[in-house]
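Chemist: Starting off with a structure, shown below.
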Amino acid sequence: MYIINDHPILQFSRDKKVTFYYNGRPLEWYEHDPIAVALHANGIKVLSYTKKYHRPRGFFCAIGKCSSCFMIVDGMPNVRTCITPVREGMQIQTQHGLGKFSENLSHVTARTEEPLNLQTEVLVVGGGPAGLCACLEALESGCSVTLVDESLQLGGQLIKQTHKFFGSSQDFAGVRGIEIAKILQQRLSPHIDSGQLKVFSNTSAVAYYEKENLLLCEQSERRLLLIRPETIIVSTGAMEKFVPFVGNDLVGVYGAGAVQTLMNVYGVLPGKKVLMVGAGNIGLIVSYQLLQAGAEVVAIVELAPSVGGYWVHAAKVRRLNVPILLKHTVKKVIGEGEVEGALIQQVDDEGNFIGEEKYIGCDTVCLAAGLSPTVELFWQANCEMVYVNELGGFVPKRDLTLRTSNPRLWVAGDVAGIEEATTAMLEGRIAGLSVARNLGKIDEESYRKKLENYWDRLNQLRMGETAYRIRRGLKQAFFEQASSLVRFPEEEIYPSQQDEEFQSGVLSQSMVNIVSPPMDLWKKKKGGLVVIECPQKIPCDPCHTNCPTGAILPFENINDVPKIDYSKCTGCGLCVAACPGLACFVIDMSGEQAILKLPYEMLPRPAVGDRVSCLDRYGREVARSRIVVVQEPRKDKTYVVHVPIPKELAMHVRAAKVIRDG
Amino acid sequence: MDEKIFVCRCEEVTLEEVRKYIQMGFTSFNELKRLLRVGMGPCQGRGCREIVLREISKATKIPISQLNPGTFRPPSKPLRLGLIGPDRQEPQLQTGMTSDPQTRSG
Ligand code: SF4
Ligand code: SF4
Ligand code: FES
């Protein structure tokens, strides 16, 4: 019932089924997937009961960080089932409290494998976007590198990002996160073959001993790694923030990242009806992904008076009929053990509840209220730390090469401050470069050149209007204040203040006129003209780089809003398919009816002749029509569907939904 | 259903308890950790630390940036004893405390 068999973007590799035993009952699922996933796919969400109040528990983070998913596996209690793969014949039991060892203690005390002693020039902890790029950079400069990563698959959070990335085209803009993970791994693989890179996956770094310069890791509960590195790059990422409200520990209250892992890596839905808490980029993106996976998002609640993520992401979910309730929060999640619904309420500027409580029926509550950097290793290594709210919490102070106050440790990625994967990759590059220079692997001139280049790109990505918080945060995180390398806008750019509609992802009426092409040209142009609804300064340019005629003008600054030379637009729709924000549309006004060319990334897959419901910017059905053409211009699974509608609706309809039944 | 708001999932510490102890004058994370066990569970405070610090900050009017976030001791993850213990020995109880009969007699 929770299994995703068809998905508009993803395919799930499910080759070999295994039989395992859950409290003695035989169940089946696919080999290599984590135990918690296998259970969820079989409808089992409760993994344990707590020691004090005997409350049922499900998983929360699904990336091995929160320890909510403990179960007894083959007699061993406290096994993190979210990162332990299921195997044929495995005995899995619900854990009560601390759990009991089985009678036979031998497998608890017996060491299955001898500890591994290891020396390395560079140790990278965490194989997400930052860590993988740090490895690449260090390897390319000739360092020998060891990578430890907690997950079963490398790539960190990239392996669950089905959306196309923003940023500039030289940094993977327009490419889906899952593809970026593959590309990075491909680039690493020759180094693995040559022995220059050693990778230990499913391996957690658990302790750093400064005096001994020893990093202790454990792999798959099987063996201990004692690593003595010359330099360490810590890119351990972050974990979803836990939010205090009544019922916040019920089974079905999951971190947004956990929901992504479950549905996008393993093809299992967390539930059918989801309430999303938080309208930052993660909340918005995961909401869209839930819709793609076939779940319903009943609402997104956001404490702030505007969405925190990119406006285009908000518009994307709004037009698919997901309400975004600003200045709202969850008061209470209701259910007997598992989530059945939630009470939400409005809050005023001081955070007091006002107005009436509203009940929302849902079986899953997804927390996307921010991330906390996973910084324990820095504390253990006595690094100078600073609390920066804008960066997600405590982070290590660093210099311009991302070196911390402990000369052996560097930092990169979300653990340095919560940002985007694109910036994480560049930070990884910088840390890798600096480490290589430190080991004397690279000459001063090329080091300087590269460093400047990476900083230029990083500065660019951080010049947008939603990045103002990041900029404010970063000012507190560096040892040096001003520097030629880090650039901030001369005058701070803040998100544009618009009306309430706009803040929740619907284009204001006044802006609709601005984005409309000139009417005299529009009426004549067969094939139509582009309409771009992308009013925010964000770092993104695939609309320009994918336009074959130059109709979308070159960006001076990657954060510019697109400018259009309508005389050059042919209405080809390539930008419609390429735009990560799904903010480009083509409208042909030359005939009797308007023909809309809309991006389409949902199920069912569209076909010519399909009936569609035409939705406006709020997701309300304003017309019905049929698809007359289906294009897949970029062969990357974003279709462009052509739908005729009455001309007066041309500037209202922004999405089409295929209706298959009746 | 009860009205518990959990701050620490691992050790099941509620917001009410944290607030009560802060009122009683325990305004550092380490004190609350010893008294309530916040942050002593297997996640080592990854979920609760910030919520607790925010509460302390609210009550004492000291910004979080100036609060001590408590001690971080290794290991940061649960470790299987068999991995660090001596090789193939029968499990022995040895607490090292002075009340431990073995230590005292020795
Ligand atoms: S429709 Fe084609 S020509 Fe027009 S702006 Fe888009 S990509 Fe360029
Ligand atoms: S319209 Fe251009 S700048 Fe805006 S989101 Fe789409 S590709 Fe990016
Ligand atoms: S550690 Fe498994 S759910 Fe968080």
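Chemist: Efficiency by 1/(1 + (r/R0)^6): what FRET value for residue B:37 and residue A:32, r their Cβ-Cβ distance, R0 = 35 Å, to the nearest 0.05?
Modeler: After rounding, the FRET efficiency stands at 0.45.
Chemist: Something else about it: Under a plain spin-label model, where a point goes 7 Å from the Cα along Cα-to-Cβ, how far apart in nm are residue A:98 and residue A:648?
Modeler: If labels sit at residue A:98 and residue A:648, their model points lie 7.4 nm apart.
Chemist: Let me ask another. How many angstrom lie between the Cα centre of segment A:211-263 and the Cα centre of segment A:308-346?
Modeler: About 27 Å separates the Cα centre of segment A:211-263 from the one of segment A:308-346.
Chemist: Express the Stokes-Einstein translational diffusion coefficient of segment A:378-529 in µm² s⁻¹, to the nearest whole number, given a Kirkwood radius over alpha-carbon pairs, 37 °C and a viscosity of 0.692 mPa s. Show your work: numbers first, answer last.
Modeler: Details: Rh = 18.1 Å.
Roughly 181 µm²/s, to the nearest whole number.
Chemist: Continuing with the same structure: Tell me the trypsin sites (Lys or Arg not before Pro) within segment B:1-84 that lie in a loop according to DSSP and have at most 14 other beta-carbon atoms within 10 Å.
Modeler: Qualifying residues, ordered by number: B:61.
Chemist: Rounded to the nearest 20 Debye, what is the dipole magnitude of segment A:439-576 about its Cα centre when Lys and Arg each give +1 and Asp and Glu each give -1 at the C-beta?
Modeler: Working: 18 positive and 19 negative charges, 89 e Å.
That gives segment A:439-576 a dipole magnitude of about 420 debye.
Chemist: Let me ask another. Shape verdict for segment A:131-285, please, from the Cα gyration tensor: rounded (a/c under 1.5), prolate (a/b greater than b/c) or oblate.
Modeler: Judged from the Cα gyration tensor, segment A:131-285 comes out oblate (a/c at least 1.5, b/c at or above a/b).
Chemist: For residue A:400 and residue A:16 in the same chain, what is the full-extension length gain: residue separation times 0.36 nm, less their Cα-Cα distance, in nm? Let's see the in-between values first.
Modeler: Details: separation 384, 0.36 × 384 = 138.24 nm, distance 4.81 nm.
Going from the current span to full extension adds 133.4 nm.
Chemist: How large are Rg and Dmax for the protein assembly as shown when calculated on the C-alpha trace, in angstrom?
Modeler: Radius of gyration, then largest Cα-Cα span, for the protein assembly as shown: 26.6, 101 Å.
Chemist: Taking the Cα centre of segment A:202-351 as origin, sum charge times position over the Cβ atoms of Lys and Arg (+1) and Asp and Glu (-1), and report the length of that vector in debye to the nearest 20.
Modeler: Dipole of segment A:202-351, to the nearest 20 debye: 460 debye.
Chemist: Then there's this: Quick one: accessible surface of residue B:5, probe radius 1.4 Å, all protein chains present, in square angstrom to the nearest 10.
Modeler: Looks like 40 Å² after rounding.
Chemist: For segment B:1-86, what does the convex hull of the Cα positions come to per residue, in cubic angstrom? Please report the intermediate quantities before stating the final value.
Modeler: Working: hull volume 8.8 nm³, N = 86.
Dividing the Cα hull volume of segment B:1-86 by its residues yields 103 Å³.
Chemist: Taking the Cα-to-Cβ direction at residue A:273 and at residue A:459 and moving 7 Å from each Cα, how far apart do the two end points lie in nm?
Modeler: 5.2 nm
Chemist: Also: Stick to Cα atoms and the Kirkwood definition of Rh, then tell me Rg/Rh for segment A:281-387.
Modeler: 1.06
Chemist: Taking amide H positions as placed in the peptide plane 1.01 Å from N, state which residues far from residue A:173 in sequence (5 or more) or on other chains have amide H under 5 Å from it.
Modeler: Amide H neighbours of residue A:173: A:168.
Chemist: Taking a quarter of the surface of the Cα convex hull of segment B:3-52, what do you get in nm²?
Modeler: On the way: hull surface 11.8 nm².
In nm², the orientation-averaged hull projection of segment B:3-52 is 3.0.
Chemist: Applying the Karplus parametrisation 6.51 cos²θ - 1.76 cosθ + 1.60 with θ = phi - 60° to the phi angles of segment A:230-235, what ³J(HN,Hα) value in whole Hz is obtained for each residue in order, glycine and proline being reported as x?
Modeler: 6, 9, 10, 10, 9, 9
Chemist: Also, I was wondering about something else. Name the GluC sites (Glu not before Pro) in segment A:557-662 that are in a loop by DSSP and that have at most 15 other C-beta atoms within 10 Å, would you?
Modeler: On the way: sites: A:592, A:601, A:621, A:648; in loops: A:592, A:601.
Filter output for segment A:557-662: A:592.
Chemist: While we're on this one: Could you run the Karplus curve 6.51 cos²θ - 1.76 cosθ + 1.60 with θ = phi - 60° over segment A:367-383 and give me ³J(HN,Hα) per residue in whole Hz, x for Gly and Pro?
Modeler: Those phi angles translate into 8, 10, 9, x, 10, 10, x, 8, 10, 3, 4, 5, 4, 4, 8, 6, 6 Hz.
Chemist: What FRET efficiency do you get for residue A:74 and residue A:492 if R0 is 45 Å and r is their Cβ-Cβ distance, rounded to the nearest 0.05?
Modeler: E(calc), rounded to 0.05, equals 0.20.
Chemist: Could you tell me which of A:43, B:14, A:583 has its Cα farthest along the dipole of the protein assembly as shown towards the positive end, charges placed at Cβ (Lys, Arg +1; Asp, Glu -1), taken about the Cα centre?
Modeler: A:43
Chemist: Same structure again: List every residue whose amide H lies under 5 Å from the amide H of residue A:199, counting only residues 5 or more places away in sequence or on a different chain, with H placed 1.01 Å from N in the peptide plane.
Modeler: Answer set, sorted by chain and number: A:147.
Chemist: Still on this structure, please answer the following. For the interface of A with B, what's the total buried accessible surface in square angstrom, probe 1.4 angstrom, rounded to the nearest hundred?
Modeler: It comes to approximately 4600 Å² buried between A and B.
Chemist: Then there is this: Given the pairs A:272/B:4; A:65/A:198; A:45/A:475; A:331/A:397; A:16/A:198, which are separated by over 32 angstrom at their Cα positions?
Modeler: A:45/A:475; A:331/A:397
Chemist: For residue A:336 and residue A:49, compute 0.36 nm times the residue count separating them, minus their Cα-Cα distance, and round to one decimal in nm.
Modeler: Fully extending the segment from residue A:336 to residue A:49 adds 102.0 nm.
Chemist: Are there any chymotrypsin sites (Phe, Trp or Tyr not before Pro) in segment A:122-176 that are in a DSSP loop and have at most 13 other Cβ atoms within 10 Å? List them by number.
Modeler: The qualifying sites: there are none.
Chemist: Hey, what's the protein assembly as shown come to in accessible area per residue, 1.4 Å probe, Å²?
Modeler: Working: 30750 Å² over 768 residues.
In whole numbers, the protein assembly as shown has 40 Å² accessible per residue.
Chemist: Okay, moving on. With the contact rule set at Cα under 8 Å and sequence spacing of 6 or more, what percent relative contact order holds for chain A?
Modeler: 12 percent
Chemist: Using a/c under 1.5 as the rounded threshold, could you call segment A:412-486 rounded, prolate or oblate? The axes a ≥ b ≥ c are square roots of the C-alpha gyration tensor eigenvalues, and prolate needs a/b larger than b/c, oblate otherwise.
Modeler: prolate
Chemist: Just going by the charge dipole of chain A, with Lys and Arg at +1 and Asp and Glu at -1 on Cβ, which of A:341, A:446, A:436 is farthest out on the positive end?
Modeler: So the residue we want is A:341.
Chemist: Okay, next question. Would you work out the relative contact order for segment B:1-82, in percent, from Cα pairs under 8 angstrom that are 6 or more residues apart? Write out the running numbers ahead of the final one.
Modeler: Working: 89 pairs, mean separation 23.5, N = 82.
In percent, rounded to a whole number, it is 29.
Chemist: Moving to a separate point now. In straight Cα distance, which aspartates and glutamates are under 19 Å from residue A:657, not counting same-chain residues fewer than 8 positions off?
Modeler: Partners within reach: A:6, A:296, A:601, A:610, A:616, A:621, A:632.
Chemist: Give me a comma-separated list of calculated 3J(HN,Hα) values for segment A:21-33, in order, Karplus coefficients 6.51, -1.76, 1.60 applied at θ = phi - 60°, integers in Hz, x for any Gly or Pro.
Modeler: 10, 10, 6, x, 8, x, 9, 10, 6, 7, 4, 6, 7
Chemist: Could you order A:549, A:329 by accessible surface area, starting with the largest, using a probe radius of 1.4 Å?
Modeler: Ranked list, largest accessible area first: A:549, A:329.
Chemist: Return, ordered by residue number, the residues of segment A:289-331 whose backbone nitrogen is under 12 Å from a label point located 7 Å along Cα→Cβ of residue A:354.
Modeler: A:327-328
Chemist: Still on this structure, I have one more. Under the rule of at least 5 residues apart or a separate chain, name every residue whose amide H is placed under 5 Å from the amide H of residue A:639.
Modeler: HN-HN under 5 Å from residue A:639: A:600.
Chemist: Same structure again: Where nothing but the Cβ of Lys and Arg (+1) and of Asp and Glu (-1) is charged, how large is the charge dipole of chain A around its Cα centre, in debye to the nearest 20?
Modeler: The dipole magnitude comes to about 1140 debye.
The values are calculated or read from the model by the stated rules, or taken from the named source; none is laboratory data. Note that this is a predicted model, so its numbers are computed, not measured. So basically every Cβ, Gly included, is an ideal-geometry build from the backbone, and we count neighbours across all protein chains shown. Surface areas here come from the heavy atoms of the whole protein model, side chains and all, with no ligands, DNA or RNA. Shrake-Rupley method; radii C 1.70, N 1.55, O 1.52, S 1.80 Å.
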